[in-house]
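Beneath this line is the structure, given in structure tokens, with notes to follow.
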Amino acid sequence: MDKKPRSLRTLITVVVTLVTLGVLIWGMFFTADYLVLNPKGPVGQSEKELIIITTLLCCVVIVPVLILTAVIVWRYRDKPNRKAAYSPNWHDSKVLETVWWGVPIIIIIALAVVTARYTYALEPSKPIDAEQKPVTVQVVSLDWKWLFLYPDENIATVNTLTIPEGVPVRFEITADAPMNSFWIPQLGGQIYAMSGMSMTLYLKADEVGTYFGTGANFSGEHFAQMRFDVNAVSQADYDSWVQKVKGNTGSTITEASYADLAKPGVMGETEYSSFPEGLYSKIAYKYVVDGENADSEDSTDGTKQEGMGSSLPGFSSGQVTSGLSASQPVQ
Amino acid sequence: MLDSIKDFASWFFVTGDPLIYGADVSIVLATIAIFAVLTYFKKWGWLWRNWLTTVDHKKIGIMYILAALLMLFRGGVDAIMMRTQIALPGIKFLEPEHYNQVFTTHGTIMILFMAMPLMFGLFNIIIPLQIGARDVAYPFLNSVSFWLFFVGAMLFNLSFVIGGSPDAGWTSYPPLSELMHNPGVGENFYIWGIQISGIGSLATGINFIVTLIKMRAPGMTLMKMPMFSWSVFATCIIIILAFPILTVTLALLFLDRFAGGHFFTLDMGGNPMMYINLFWMWGHPEVYIVVLPAFGIYSEVVATFSRKSIFGYKSMVFAMLVISIVSFFTWLHHFFTMGSGADINAFFAITTMIIAIPTGVKIFNWLFTMYRGRIRFELPMMWTIAFIPCFVVGGMTGVMLAVAPADFQFHNSYFLIAHFHQVLIGGVVFGYFAGLYYWWPKMFGFKLNHKLGVWAFWFWNIGFYVCFMPQYSLGLMGMTRRISEYTWDTGWAPLNFISTIGALMMGIGFLFQVAQILYSTFKHKKVGNDPWDGRTLEWTTASPAPEYNFAITPHVHAVDDWWATKERRAKGIADDPLPPIEPIHMPKNSIIPPIMGLAWFVAGFGFVFDWWWFYIPGMLGVAICMIARSFSYDTDYYIPVDEVKRTEEAIRGSV
Ligand code: HEM
Ligand SMILES: [Cu+2]
Ligand SMILES: [Cu+2]
């Protein structure tokens, strides 16, 4: 290869670089549908804002660093009769060191303030300000399907979720299978679905449309099948949808058919005209050990919440409702 | 009778997949080939005496590195299999079940059986040389550590053909990893493979911290230690504090599976979230364990190839120690989405961001080491220069992930996959490659071929960006990690396809490296003590170093002591007169470590299958080895002065 003339080598390099960059840019900018950057609800909207703010803040540091790297590497490369200075023993400078401890510290303080603000604002269990009363949907992650229960309407669906547009939705989330995570990127961020406890997540769709929903935490063999469509429809359409499902009395969930549903397997979209009362809390609190009780605290939305009584993060949470004690009324 | 043997065999051996049969055949063929070659050339005795029973840190280091490169190959094949499966929708290359096993083994192998041993290999070869010592503090323990790592890795890899691979992810979260959802033996392989090698890692951590504290050459105060040694010091602190957490966590998980425990089960008061916390209390520090030594390597390489002292020595040291401590207070950023509440999420978001500060400072210090230097683009320096932009961008996406509410949108998506590969490949792997190229002449007495290395470099680097940049986009498009299939309507196909091309390019880069090593082994020029014009003590002794490292223990006066000596010589100032050579005290080889390794293997295998007739003899073997060691008194010897002189002359003659 060293026989090739210099210009040919340069040509090859340039062509390879351009093709690579071209393909990357084409792929990343012309084929991509960036769900996270194209939110359709207030939660996703704030999260997008936050992503943009933090990206810009980071860029304040990294763009100069990248430029500096290129300049230094180019300017101080070793070559015959180069003019750049060479000072082999210069290895200390209080001023410079102060600058580059100081600048990152300032940027991180700024980031920390922004992050803390948004962390409180976007706490998933915090209700969304709106005139309408929120609709409640109870979400159960099963092996390998999503069960959605509508307690107010007493209907249920599998692998398809219909919600009214413009109305906050209060998701109560649990699992009857290994841990998963409930994620609708265009409406807002995810939260884990865990057996033996219930999580709360408020989301709202501002526009009528069909959105992509998915399980985000690996839960076994057919985890990849745990996708669902979210249909955000007008209030009128929502009401008539509910009536339609209710009317189709051929398919209901009973205690026995739930047991079948919970068995490992995959299935398509299904709708059920009714389900047994209290099914959700039965599932969420099925691992309760009688007589145990844990400390309780009030959560942000005023409902009674209990922790497992441990002080490790993740357990004594602001929002986890643990089966250990909350289940007493169920049993 | 025949039927029951058949039944047993089809349960014991993994069957039904042509890929696996292929692997079976190649394993058997490779084993036969190795045996045949060793027997034909009558090399069994040589192998046993010179390598398997050695306590020489340099040889142990080489064995670590060989094993790690082998594991890099296995992990890389796993990676390419996965990328093939998800290159486009509808590819039927791996069944979901198989895909799940492959990402589990890929992750586990890359972190625990590739990055860790490659790192330990470099520790072993360089640390004693760099601080002017004759060996590590506990050479016997060092050999035990190696064998524990090795049998742990082999046990884990065995699951591919016997019993079935683990498939709950390298994090192995319960309840998915509990008996309730995972009754097979795969998870047991995961537990015991890591458990056995983990004990070795802990022992290595202790060994090297003692070595660094007690065995530095006279005159080398802590603040005159080379940067790589400092990075190992910081890493060992983390190893010693973090690995016990892993050991306990896995032990509890094992009790759940083996003895009906309820630490992490759903029922009977168990709590899976406890495991998740414990795992990451080790897991986050673990990523700093593997990256800090890479930082140390970059510091050495940058100084050497810019012909300048490292900029801001003190703040480099301070930064590493800060990192090693703060890394213990960030673990929750791996599960902001578990609903811990705003207070806790905010706390861990901020601690995570704090780590970016010392890391950023280190970048500036490397840049200003190059500033006003004379940069030579040798292979180690090329990898170092490639590291800087890669790690800066990976670090930035890390900070973005640390923003808790934003992480609700990034978590478990390909954005995360892209981030951690960028810091693990761009930070850790590039660093260890730089270290390998840099110290290769010290290990073997010759440099690796430059031209093949340049090809490998470009394939790896272009491949890297082609593979992982699209994955950031895929994450923002809603693609989650650990999925083995998707459909056309998602729109993920083009970027996935591009990403797979990038992975193949990295694969080609690796093949170039294999070619480079083979070619250079057969065709090379011998180099002298100091082929790169280095700065630290390892460059004062022969390449490869004699078994005793230094005929005369060096006296250290400055941070870059060897560089200072060379400068003095250039000015015509004579070296200090050398003291006379004295007999050298050395540790004797021992057959106990490989035997103890074997005993652990038998025990681990027994625990995996719950066969007491395996694990009881295995554990007994381990105990007997320990007792035998405590009663062996013939563990050291002296190399007489004559022999040292003869060796030194031979070395000088040959260069
Ligand atoms: C050589 C290029 C590499 C490629 C192409 C590659 C590719 C992949 C792929 C496709 C996945 C699975 C993604 C998924 O389905 O969730 C993965 C996961 C992973 N990789 Fe790599 N990888 C590479 C190198 C590495 C290295 C060097 C390390 C560590 C030092 C590493 C650590 C991991 C880990 C920890 C996981 C997560 C496994 C899990 O989900 O349990 N990879 N990689
Ligand atoms: Cu939980
Ligand atoms: Cu971490």
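The values are calculated or read from the model by the stated rules, or taken from the named source; none is laboratory data. None of these values were measured; they are calculated from a predicted model. Glycine also receives a Cβ, built like all others from the backbone with ideal geometry; neighbour counts cover every protein chain displayed. All accessible areas refer to the heavy atoms of the entire protein, side chains included, with ligands and DNA or RNA removed. Shrake-Rupley method; radii C 1.70, N 1.55, O 1.52, S 1.80 Å.
For the reader, a short list of remarks on this structure follows.
- The stretch B:1-147: C-alpha gyration tensor shape, a/c 1.5 cut-off, then a/b vs b/c: oblate
- Contact residues in the stretch B:319-346 by the 20 Å² criterion (accessible area, 1.4 Å probe, full protein complex versus chain alone): B:Thr337, B:Met338, B:Gly339, B:Ser340, B:Gly341, B:Ala342, B:Asp343, B:Ile344, B:Ala346.
- 0 to 90° range, to nearest 10: angle between helix A:6-25 axis and chain A longest Cα axis: 20
- Above-threshold pairs, the threshold being 31 Å between Cα atoms, out of B:Lys43/B:Lys526; B:Lys362/B:Lys523; B:Lys43/B:Lys442; B:Lys362/B:Lys566: B:Lys362/B:Lys523
- The mean number of Cβ atoms from other chains found within 10 Å of a Cβ in peptide A:93-102 is 4, as a whole number.
- Counting Cβ atoms of other protein chains within 10 Å of each residue's Cβ and taking the mean over peptide A:107-119 gives 6.
- Gyration tensor (alpha-carbon) shape descriptor, the stretch A:1-108, a/c threshold 1.5: oblate
- In the calculated pair-distance distribution of the stretch B:595-634, the portion above 12 angstrom amounts to 52 percent of the Cα-Cα pairs.
- Buried area at the B-A interface (accessible, heavy atoms, 1.4 Å probe, summed, Å²): 8800
- Electrostatic dipole magnitude of the protein assembly as shown [Cβ: Lys, Arg +1; Asp, Glu -1; Cα centre; debye, to 20]: 5460
- Inverting the pair-averaged 1/r between distinct Cα atoms of the protein assembly as shown gives 30.2 Å as its Kirkwood hydrodynamic radius.
- Under a Gaussian network description of chain A, with springs only between Cα atoms under 10 Å, the residue in A:Phe275, A:Phe171, A:Phe218 that fluctuates furthest is A:Phe218.
- Inter-label distance, B:Glu649 to B:Asp3: 7.8 nm, where each label sits 7 Å from its Cα along the C-beta direction.
- Folded to 0 to 90 degrees: helix B:561-570 orientation relative to chain B principal axis, Cα: 30
- Gaussian network model of chain A, Cα within-10 Å springs - most flexible of A:Ile283, A:Ile173, A:Ile107: A:Ile107
- Across chain A, C-alpha contacts under 8 Å between residues 6 or more apart give a mean separation that, scaled by the residue count, equals a relative contact order of 16 percent.
- Efficiency of FRET between A:Val266 and A:Ile109 - r from beta-carbon atoms, R0 41 angstrom, step 0.05: 0.25
- Dipole-positive endmost among A:Met267, A:Ala121, A:Ser46 within chain A (Cβ charges, Cα centre): A:Ser46
- Counting only protein heavy atoms and a 1.4 Å probe, the stretch B:595-634 has 58 square angstrom of accessible area per residue.
- Mean Cβ count within 10 Å, highest first, over the residues of peptides B:232-243, B:630-641: B:232-243, B:630-641
- Fraction of antiparallel bridges per DSSP, the protein assembly as shown only, in percent to nearest 5: 75
- Take every pair of alpha-carbon atoms less than 8 Å apart whose residues are at least six positions apart; their mean separation over the length of chain B yields a relative contact order of 17 percent.
- Here A:Lys282 is the anchor, and the lysines within straight C-alpha reach of less than 29 Å, apart from those fewer than 8 places off in the same chain, are A:Lys126, A:Lys133, A:Lys145, A:Lys204, A:Lys244, A:Lys246, A:Lys263, A:Lys304.
- For the stretch B:595-634, the relative contact order is 39 percent, taking Cα pairs closer than 8 Å that sit 6 or more residues apart in sequence and dividing their mean separation by the residue count.
- Hz values of 3J(HN,Hα) by residue in the stretch B:544-551 - Karplus curve (6.51, -1.76, 1.60), Gly and Pro given as x: x, 6, x, 4, 8, 6, 10, 5
- On Cα atoms only, tilt of B:139-158 relative to the major axis of chain B in degrees: 30
- Counting only Cβ charges, +1 for Lys and Arg and -1 for Asp and Glu, the dipole size of chain B around its Cα centre is about 2340 debye.
- Surface composition of the stretch B:595-634: carbon and sulfur atoms hold 80% of the protein heavy-atom accessible area at a 1.4 Å probe.
- Two-site FRET efficiency, B:Met223 against A:Val16, from Cβ-Cβ distance with R₀ of 51 Å, rounded to 0.05: 0.60
- In a reduced charge model with +1 at each Lys and Arg Cβ and -1 at each Asp and Glu Cβ, chain A shows a dipole moment near 2540 debye about its Cα centre.
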